[in-house]
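The values are calculated or read from the model by the stated rules, or taken from the named source; none is laboratory data. All figures in this text were calculated on a predicted structure; none of them were measured in a lab. With ideal geometry, Cβ positions are generated from the backbone for all residues, glycine too; neighbour counts draw on all protein chains shown. Each accessible area value is taken on the protein alone, full model and side chains, heavy atoms only, with ligands, DNA and RNA left out. Shrake-Rupley method; radii C 1.70, N 1.55, O 1.52, S 1.80 Å.
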Amino acid sequence: MDNKNLRIKGARLKSTLEDMAKIGATPGGGVQRLALSDEDKEARDLFVSWLKEIDCEVTVDEMGNIFGKRPGKNNDLEPVMSGSHIDSQPKGGRFDGILGVMGPLEVLRTLHENNVKTERPIIIVDWTNEEGSRFAPAMIASGVWAGALERDWAYERTDINGKKQGEELERIGYKGPVPAKQWPVHAYYEYHIEQGPMLEKEGKEIGAPKGILCLHWYDIYLEGEANQVGPTPMEGRHDALCSAAEMILKVNEVPEKMKGNMVATVGEIQNYPNSRNIIPDGVHFTVDIRSWDDDQALRAWDSLKADFQEIADRRGTPIRMEETWRVEHAPFNEKLVKRVLESADELGYSSLHMVSGAGHDASYMNQICPTAMIFVPSIGGRSHVEVENTTWEDCEKGTNVLLHCILKSANER
Ligand code: GLV
Ligand code: MN
Ligand code: MN
C-alpha cells in the first residue's frame, strides 16, 4: 500500500483508550492515576506488554521514563520520537496524556501490521510525572532527560505524605537501570487534547500550536498565631488564612493589572491545624503564572511579591516565598508545525494555528530537538476534570495526522 493511503484503526484506538481508562477509573467517569501510584504502575505494565506485542525494544531509565523503540532501516540515523504521559491529575480525565501515548502506539501498530519500514527508528515514550500534582514540579522526568533538571533533586521531591519521588519509583519497580540522559532526536511530536475551548469555538478539527506558554510556579508559606476562636478578640489576631485569602485575590487580579495576555492561579492550599475553632497558624499555597511573554510573567510575580509582603506585614503573619519551577515559553520548530498543518490538510481535516496554554513534556523536548504538537478538540473546553472528553472521531483524526507526521520525519534521510 502507498504510505499516503495508510490510516490508523479508530476502533482499536478507542478500545485501547477504554482499557486504559479502567485503570484508576473514578465514579464520575474520569481517572485518578497519580504519578508513581499503584494505578500508574498497572497502566505502565499494560503499556509495556503492548509495546512487546509489536516487537518494540523496551527500556526504562532511572527516572522511570519508558521508551519503546521500533527499529528503522538505518539505525545510525537519529530517531523520531513521540509520546506524552500516563499519569493523571486527581480526579482527572480519560484523555490528558494517555492519548499522546496510546496515539503513537496505534501508529506503531499500524506500521507493524502493514509491514511498513521507515528509514529512521521510531521511539514512543511515556514520561514520568508530567502532571506535577503529586510531586511538584510538572514535566520533571522529561526535564531531567533533557538536562534541564537534576536527577537527585527530582528523587528528593516529596508528596503531601512525605513520600519521596525516588523511593516511589523504586517501590513500583520503575527505577530503571538506564541513565536519564538525552540522545540526539531528529523530531519529537506530542499528540494531546487541546484542554481549552479554541478548536471547538473555531469549529476546527486539528490544532497545531506554535508553542507553549512559559510556566512559573511558586510556593508560599505563611505563619500565624494559633488561638481559641471563641475568647480571642478579632483585634490583634495573626490569622495566616486571612492573609492567604487576601493574597489569593491579588493573584486572581494580577493578569488584568498587567494588562496582558496571561493567566495566574492558586490551585492548592494547606491550612494548619485546619480546625474550625482554632485561628490558623500556618498556610501553604501555590502560585502558577503563565504567559507567552516570560518578562511579563516575571513582572507579575514582582508585583505579587510586593503585595504579599505588604499583606503579611500588615497582618503580622511572617511570609516565606519560594520559586519552585520556571520553564521559558517554548516556540516550536516552524518546519514541524507546518508539517502538522499540511498533514491535516492532506487528510482533509480543518486546522488551527494556535498556542498551548497547558504545559507539556514538549516544552523540555523543544529545548533539545525540533518539536511540534498535534491537538484535538476538548468538548466544552474542559480538562483536568472527570468530564474531560474528546470524540472518538477526533481521536482518530489526530492519530492519523500523527501517523503521517511521523512517517514523513522518519523517512527523511
Ligand atoms: C499540565 O498539566 C499543566 O498544564 O499544568
Ligand atoms: Mn497532559
Ligand atoms: Mn494535565
message: Condition check: of a type in the set (A, V, I, L, M, F, W, C), away from ligand 2 (no atom under 16 Å from the Cβ) and within 16 Å of the chain's Cα centre (by Cα). Does residue 279 satisfy that?
response: no
task: Would you check if there is a residue in segment 242-261 being within 13 Å of residue 219 (Cα to Cα), open to solvent by 20 Å² or more (accessible area, probe 1.4 Å) and assigned to a strand (DSSP E or B)?
output: no
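Listed here are the residues, each with its yes/no results for (1) at pLDDT 95 or above; (2) open to solvent by less than 60 Å² (accessible area, probe 1.4 Å); (3) within 16 Å of ligand 2 (Cβ to nearest atom); (4) touching a Lys or Arg at 6+ places or on another chain (Cβ under 7 Å).
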position	(1), (2), (3), (4)
7	yes, no, no, no
24	yes, yes, yes, yes
34	yes, yes, yes, yes
55	yes, no, no, no
58	yes, yes, no, yes
69	yes, no, no, no
73	yes, no, no, yes
82	yes, yes, yes, no
- prompt: Quick one: is residue 356 out of contact with any Ser or Thr (no Cβ under 8 Å at 6 or more places or on another chain) and within 16 Å of ligand 3 (Cβ to nearest atom)?
  reply: yes
task: Output yes when any residue across segment 303-312 is open to solvent by less than 30 Å² (accessible area, probe 1.4 Å), within 16 Å of ligand 3 (Cβ to nearest atom), farther than 20 Å from residue 205 by Cβ and not acidic (Asp, Glu), and no when none is.
output: no
message: Considering only residues that are of a type in the set (Lys, Arg) and either within 16 Å of ligand 2 (Cβ to nearest atom) or buried (at least 24 other Cβ atoms within 10 Å of the Cβ) (or both), which ones fall in segment 103-134?
response: 120, 134
- request: Examine segment 33-55 for a residue that is among the hydroxyl-bearing types (Ser, Thr, Tyr), in contact with a Gly (Cβ under 7 Å, 6 or more places away or on another chain) and within 22 Å of residue 178 (Cβ to Cβ), and state whether such a residue exists.
  value: no
- request: Filter segment 9-41 down to residues that are in a helix (DSSP H, G or I) and in contact with a Leu (Cβ under 8 Å, 6 or more places away or on another chain) and give me whichever is farthest from residue 386 (Cα to Cα).
  value: 16
- request: Report yes if some residue within segment 337-348 is assigned by TED's automatic domain parsing to the domain that holds residue 145, assigned to a loop (DSSP other than H, G, I, E, B) and either touching a residue at least 60 places away in the same chain (Cβ under 8 Å) or buried (at least 19 other Cβ atoms within 10 Å of the Cβ) (or both); otherwise report no.
  value: no
message: Criterion first (at pLDDT 95 or above, open to solvent by 30 Å² or more (accessible area, probe 1.4 Å) and assigned to a strand (DSSP E or B)) does residue 326 satisfy it?
response: yes
- line: All conditions in (1) in the same structural domain as residue 189 (by TED's automatic domain parsing); (2) open to solvent by 20 Å² or more (accessible area, probe 1.4 Å) are true of residue 299 except (1)
task: Identify the single condition in (1) in a loop (DSSP other than H, G, I, E, B); (2) free of Cβ contacts under 8 Å to residues at least 12 places away in the same chain; (3) open to solvent by 50 Å² or more (accessible area, probe 1.4 Å) that residue 275 does not satisfy, given that it satisfies every other one.
output: (3)
- prompt: Within segment 115-132, which residues are farther than 22 Å from residue 47 by Cα and within 16 Å of ligand 1 (Cβ to nearest atom)?
  reply: none
query: Which number in (1) closer than 22 Å to residue 86 by Cα; (2) open to solvent by 50 Å² or more (accessible area, probe 1.4 Å); (3) assigned by TED's automatic domain parsing to the domain that holds residue 124; (4) within 16 Å of ligand 1 (Cβ to nearest atom) marks the one condition that residue 178 misses?
result: (4)
- prompt: Can you tell me which residue in segment 334-387 is farthest from ligand 1 (Cβ to nearest atom), limited to those that are of a type in the set (Asp, Glu) and touching a helix residue (DSSP H, G or I) at 6+ places or on another chain (Cβ under 8 Å)?
  reply: 346
- request: Please find, among 204, 164, the residue that is at pLDDT 95 or above, assigned by TED's automatic domain parsing to the domain that holds residue 136 and in contact with a helix residue (DSSP H, G or I) (Cβ under 7 Å, 6 or more places away or on another chain).
  value: 164
